[in-house]
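**Q** Once you've had a glance at the structure underneath, I'll fire off some questions.
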Amino acid sequence: MTAWKKLMFPAVGAAVFVVVGIVSGVTIVSQNAQRAEAAATLSRIAGENAELERVADAAIAEATVADLGARTDRIAADTKVIQDLADRSMTWASNAEYSDARESTMRAYGLQETSTFMASFLPPAPITVDAEGNEYAFIDAAGLNSRSGTARVNLLNVEGAVYAYMALIPVTSTSSDGLGSATNIATVFVSVDPAGEVSDLTGFAATAAPLTTR
């Protein structure tokens, strides 16, 4: 190979790599722009669907209230009672807080440990035991936690002055490193009297949604 060819190859090669780099960069920027546009579109559609769902829920709720002869101010008051129930029983971030939530929930609503609600949402906290017999709270060791969101309360029936509801409550758990979270929907059935006393309390937790990173 002649000297000028030897000198020419690095220059040509460098030029090719520069062009490839520019094309790749343009492609990546274009792809990122497309992804951003797609994400914005999905976000807009999700928002529109959420609004349509809210309007539909409101229409159904209004029709139900009218059909059952329920009072809207009473439903608003009962919704606060149900939200307090959710916050009291489904929000904790340590074994100590979990134990407090169990005791507080049983005391506030007259529940036994064997009740359906306690078995579903607040069973006895698991304890791990090492080879030497030392006990450790699994909740703390695994970094488990739970946080209740805003309940969607639906009136099911009215019997005299007692209103029966189904509440859908988002419950979120966050990973110990704070980089991910998962949310599931807890379904709670509960009756509330005019004094805000709760009865017929049952429920179950749905399967958690896939982990989402932040």
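**Q** Two decimals is fine: what is log10 I(q)/I(0) at q = 0.17, 0.24, 0.28 Å⁻¹ for the range 133-205, from a Debye sum with one equal scatterer on every Cα and no solvent?
**A** Cα-only, vacuum Debye calculation for the range 133-205: -0.74, -1.03, -1.21.
**Q** Please arrange Val190, Val158 by accessible surface area, largest first, computed with a 1.4 Å probe and ligands excluded.
**A** The most accessible residue leads, giving Val158, Val190.
**Q** Of Ser148, Ser173, which has the most accessible area with a 1.4 Å probe, and how do the rest follow in descending order?
**A** Per-residue accessible area, sorted high to low, gives Ser173, Ser148.
**Q** Related question: At 1.4 Å probe size, what's the solvent-accessible area of Ser120? Round to the nearest 10 Å².
**A** Using a 1.4 Å probe on the heavy atoms, I get roughly 50 Å².
**Q** With every protein chain left in place, what is the accessible area of Arg44 in Å² (1.4 Å probe, nearest 10)?
**A** Estimated to the nearest 10 Å², Arg44 gives 130 Å².
**Q** Given a 1.4 Å probe, how much area per residue of the range 68-214 is accessible, in Å²?
**A** Computed with neighbouring chains in place, this is 54 Å² per residue.
**Q** Next question. Starting from the range 87-159, pick out the GluC sites (Glu not before Pro) whose DSSP state is loop and whose Cβ has at most 11 other Cβ atoms within 10 Å.
**A** Answer in residue order: Glu113, Glu132.
The values are calculated or read from the model by the stated rules, or taken from the named source; none is laboratory data. This structure is a prediction, so every number in the text was calculated from the model and none was measured. Glycine gets a Cβ as well: all are built from the backbone with ideal geometry, and neighbour counts include every protein chain shown. The accessibility values were calculated without ligands, DNA or RNA, using every heavy atom of the protein model including side chains. Shrake-Rupley method; radii C 1.70, N 1.55, O 1.52, S 1.80 Å.
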